[in-house]
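Beneath this line is the structure, given in structure tokens, with notes to follow.
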Amino acid sequence: MKIGFDAKRFFNNFTGLGNYSRFIIDSLSEHLPENHYWLYSPKIKDHPELSSIVARSNINVVTPPSLYNFFRASSLWRTWGLSSDPSVKSLDLYHGLSQELPLSLPRTIKKIVTVHDLIFIRSPELYNPVDVTIYKAKVKKACQQADKIIAVSHQTAADVINFLKVKPERVEVVYMGCHPNFKKKYSVEDINNVRVKYNLPVQYILNVGTLEPRKNVLILIKALALIPEELRMQVVIVGRPTSYKKQVVDEAHRLGVENWILFLHNIPFADLPAIYQGAQIFVYPSIFEGFGIPLVEALESSIPVITSTGSCFKEAAGTGSIYVDSKNEMELAFQLKRVLEDETLRGQMILAGKKHITQFQPDVIAAKLDGIYKNV
């Protein structure tokens, strides 16, 4: 089978959608080597994350003709010009990995699109209105074109059906896994080196994610203030800052816990797994997600997870994690104190997490995608 992919984010984005694209293409090319995979991208980067994948014999990379680059129209090629590339005519299937598909793909080619979330429809107030219009137009058009829609969670599948009025039989749920670095067990020395590098405490509570209202770090700060000081641990918050950070800092100052918080921004991805593995608890009080890959990263890192009720959180974090109301700081404080005090409970949560993440492994996901590709 010859399969084409929208690989813009595979080559140029080293967080969320880029990680997803690399995970899918890497998993398929390794576990289903008999297929041939064509990666279409308006531009490419030379990066250690990419070299081992693109070097495989079943991977082909396609970029725009030089004329598109001369006129700085590579994005136009991704939307329109790609369809006329000679390689496209030989494809059996094209998979848009980030909620959009090129226009004018030949009718003979089967089309699949992955939808990650529809938060811009569910909560448009969190986005620039122009962006909301563009995102909605792209995902609606892609879902109309697609022979099959892949949702990364049952929550996202329900949103696709409800908001975009898609027939349920056109939607399949295929989970995503995390980067292989999180599967590696780092040595005590490696973890200590990262701890010294970022001035981390010996024990800490970890939160990872962009500092924005939807991620809801504010409730973690409020819960921290409710925990007796003799039990309290420093909270390490890793993620890109926004204007929301000032609100978090001001609240921490008001509650007298500002010295218990450490912000880390622009952390190299290579250091992130060791930061996870050095933590005692991972707390993710987000209000809503399409999937919540940091939860899987935490489970792979063998640390207990406390997260929110509702949305897709139980799909990602499993039955061994603890769930709290994302608006109730007293409940979060109670569960944090409980996990901090009970070593047996922490061990049970870690063990349950290890069992849960078997469904997110590359071979499992590659096999499920292969079944969808063949059936479509």
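Test V283 against the criterion of being in contact (Cβ under 8 Å) with a residue 24 or more places away in the chain, among the hydrophobic types (A, V, I, L, M, F, W, C) and over 25 Å from A352 (Cα atoms), and give yes or no. It is false that V283 is in contact (Cβ under 8 Å) with a residue 24 or more places away in the chain, among the hydrophobic types (A, V, I, L, M, F, W, C) and over 25 Å from A352 (Cα atoms). Look at (1) surrounded by fewer than 16 Cβ atoms within 10 Å (Cβ to Cβ); (2) within 21 Å of the chain's Cα centre (by Cα) and you find that S41 fails only one, number (1). Every condition in (1) free of Cβ contacts under 8 Å to residues at least 24 places away in the same chain; (2) assigned by TED's automatic domain parsing to the domain that holds G16 holds for E189 except the one numbered (2). A single entry from Q144, Q155 fulfils the requirement of being touching a Cys at 6+ places or on another chain (Cβ under 6 Å) and either over 22 Å from N13 (Cβ atoms) or free of Cβ contacts under 8 Å to residues at least 24 places away in the same chain (or both): Q155. Scanning the stretch 236-266 for residues that are in contact with a helix residue (DSSP H, G or I) (Cβ under 8 Å, 6 or more places away or on another chain) and hydroxyl-bearing (S, T, Y) gives a single hit, Y244.
Can you pull out the helices (runs of 4 or more DSSP H) entirely within the stretch 318-376 that have at least 1 residues that are at pLDDT 95 or above and within 28 Å of V217 (Cβ to Cβ)?
Where helices (runs of 4 or more DSSP H) fall fully within the stretch 318-376 and carry at least 1 residues being at pLDDT 95 or above and within 28 Å of V217 (Cβ to Cβ), they are 329-341, 343-356.
Taking only the stretch 243-255 into account, find how many residues are surrounded by 14 or more Cβ atoms within 10 Å (Cβ to Cβ) and either outside any helix (DSSP H, G or I) or of a type in the set (V, I, T) (or both). Spell out how you get there, then give the answer.
Step one: filter the stretch 243-255 for residues surrounded by 14 or more Cβ atoms within 10 Å (Cβ to Cβ), giving 244-245, 247-249, 251-252, 255.
Still in the list and also either outside any helix (DSSP H, G or I) or of a type in the set (V, I, T) (or both): 248-249.
Within the stretch 243-255, residues that are surrounded by 14 or more Cβ atoms within 10 Å (Cβ to Cβ) and either outside any helix (DSSP H, G or I) or of a type in the set (V, I, T) (or both) number 2.
Picking from residues in the stretch 70-92 that are buried (at least 17 other Cβ atoms within 10 Å of the Cβ) and part of a loop (DSSP other than H, G, I, E, B), the one that is farthest from the chain's Cα centre (by Cα) is D85. Is it fair to say S51 is within 28 Å of P268 (Cα to Cα) and surrounded by 19 or more Cβ atoms within 10 Å (Cβ to Cβ)? So S51 fails the test. Checked against the criteria, I3 does not count as within 22 Å of the chain's Cα centre (by Cα) and closer than 17 Å to T114 by Cα. Each residue in the stretch 56-69 was checked for being loosely packed, with under 12 Cβ neighbours inside 10 Å and in contact with a strand residue (DSSP E or B) (Cβ under 7 Å, 6 or more places away or on another chain), and 0 pass. Across the stretch 229-239, the qualifying residues are those that are assigned to a loop (DSSP other than H, G, I, E, B) and without any contact (Cβ under 8 Å) to a residue 60 or more places away in the chain, and the one among them that is nearest to the chain's Cα centre (by Cα) is G239. For L299, the requirement of being touching a residue at least 24 places away in the same chain (Cβ under 8 Å), of a type outside the set (K, R) and buried (at least 24 other Cβ atoms within 10 Å of the Cβ) is met. For the stretch 302-317, what are the residues that are in contact with a strand residue (DSSP E or B) (Cβ under 9 Å, 6 or more places away or on another chain) and surrounded by 23 or more Cβ atoms within 10 Å (Cβ to Cβ)? Once the filter is applied, which keeps residues that are in contact with a strand residue (DSSP E or B) (Cβ under 9 Å, 6 or more places away or on another chain) and surrounded by 23 or more Cβ atoms within 10 Å (Cβ to Cβ), the stretch 302-317 yields P304, V305, I306, T307, S308, F313, A316, A317. When F288, F313, F282, F269 are screened for being in contact with a helix residue (DSSP H, G or I) (Cβ under 6 Å, 6 or more places away or on another chain) and either aromatic (F, W, Y) or on the phi > 0 side of the Ramachandran plot (or both), only F282 passes. Against the criterion of being within 23 Å of the chain's Cα centre (by Cα), surrounded by fewer than 16 Cβ atoms within 10 Å (Cβ to Cβ) and closer than 30 Å to N328 by Cα, L206 does not qualify.
Please determine whether any residue of the stretch 256-263 is touching a residue at least 12 places away in the same chain (Cβ under 8 Å), surrounded by fewer than 16 Cβ atoms within 10 Å (Cβ to Cβ), touching a strand residue (DSSP E or B) at 6+ places or on another chain (Cβ under 6 Å) and under 20 Å from N193 (Cβ atoms). Yes, some residue in the stretch 256-263 is touching a residue at least 12 places away in the same chain (Cβ under 8 Å), surrounded by fewer than 16 Cβ atoms within 10 Å (Cβ to Cβ), touching a strand residue (DSSP E or B) at 6+ places or on another chain (Cβ under 6 Å) and under 20 Å from N193 (Cβ atoms).
The values are calculated or read from the model by the stated rules, or taken from the named source; none is laboratory data. As the structure is a computational prediction, the values presented were derived from the model and not from experiment. So basically every Cβ, Gly included, is an ideal-geometry build from the backbone, and we count neighbours across all protein chains shown.
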